[in-house]
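For reference, the structure discussed in these notes is given below.
The values are calculated or read from the model by the stated rules, or taken from the named source; none is laboratory data. These numbers were taken from a predicted model, which means no experiment stands behind them. Glycine gets a Cβ as well: all are built from the backbone with ideal geometry, and neighbour counts include every protein chain shown.
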Amino acid sequence: MRGIVAMGRVSGPYGVRGMVRVQPWSDDPLALTRHASWWLRPKQASLWESRRVTGARAHGGALIAALEHVVTRDDAEALRGAEVGISRDALPALAEHELYWADLEGLAVVNRDGVRLGAVDRVIDNGAHAILRVRDDAGGERLIPWVPIYVDNVDVAGGRIDVDWQSDY
C-alpha cells in the first residue's frame, strides 16, 4: 500500500444505532460508497485504522454510513472529526495535471521572493475552497488559500509549491 488518501471527515453521529455522518471532500460525493473498507484517523491522531463499511448512502450533501464495531450513538460520537480515507492503491488513476490532496502533504512551500515558508502539513476543505496548512520549522502555522491567485506552481515530483504569499502574512 502506498498510503492513505483522506477523502472526507466524520461530522458526527446519525441516529441512535451507531451510524455516522460523513462530509465527503471528493468531486464525486459517492466515491467513498464504492469501497468496502475505509481508513479512519481520529482527531489528534497520526495513525489510520481500517474499518469495514457495512452500509453507506447519500443523505443531502453528506453520506450516512454504518461501520463495523460502531453500534451505539456514543461509538459514533467518538469518531466525530475523524478523517476518512481510502488506500491510495484503491483509487482510480489520475488524468494529466490532476492530483490528490494527499500528494501535497510534505511539499515545501516557497514564496516569490524565494523564502521557504514551511511544508504542507495538511489540506483543509473550508467549503468554498481548499486551504493549505503550512508549518514552518519553528512550529508556526500559515493558512494559504488553494486558489490560482495565490498558488503559482505545483511540482509534486520536485517537492515544491510556489506561492504568492509574503512571509509576514
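Things to note:
- Scanning segment 1-32 for residues that are part of a strand (DSSP E or B) and of a type in the set (A, V, I, L, M) turns up Ile4, Val5, Ala6, Met7, Val10, Met19, Val20, Val22.
- If the condition is being touching a residue at least 24 places away in the same chain (Cβ under 8 Å), among the acidic types (Asp, Glu) and part of a loop (DSSP other than H, G, I, E, B), then segment 139-169 contributes only Asp164.
- Taken over segment 62-74, residues that are assigned to a helix (DSSP H, G or I) and either in contact with a strand residue (DSSP E or B) (Cβ under 6 Å, 6 or more places away or on another chain) or within 18 Å of Val123 (Cα to Cα) (or both) amount to 1.
- Where a residue in segment 75-90 is buried (at least 17 other Cβ atoms within 10 Å of the Cβ) and in a helix (DSSP H, G or I) and its partner, wherever it lies, is at pLDDT below 95 and acidic (Asp, Glu), with Cβ under 7 Å and at least six apart: none
- Test: Val156 is farther than 30 Å from Val16 by Cβ, out of contact with any strand residue (DSSP E or B) (no Cβ under 9 Å at 6 or more places or on another chain) and surrounded by 10 or more Cβ atoms within 10 Å (Cβ to Cβ): yes
- Arg57 in contact (Cβ under 8 Å) with a residue 60 or more places away in the chain and surrounded by fewer than 19 Cβ atoms within 10 Å (Cβ to Cβ): no
- Every residue from segment 91-117 that is assigned to a strand (DSSP E or B) and among the hydrophobic types (A, V, I, L, M, F, W, C): Ala108, Val109, Val110, Leu117
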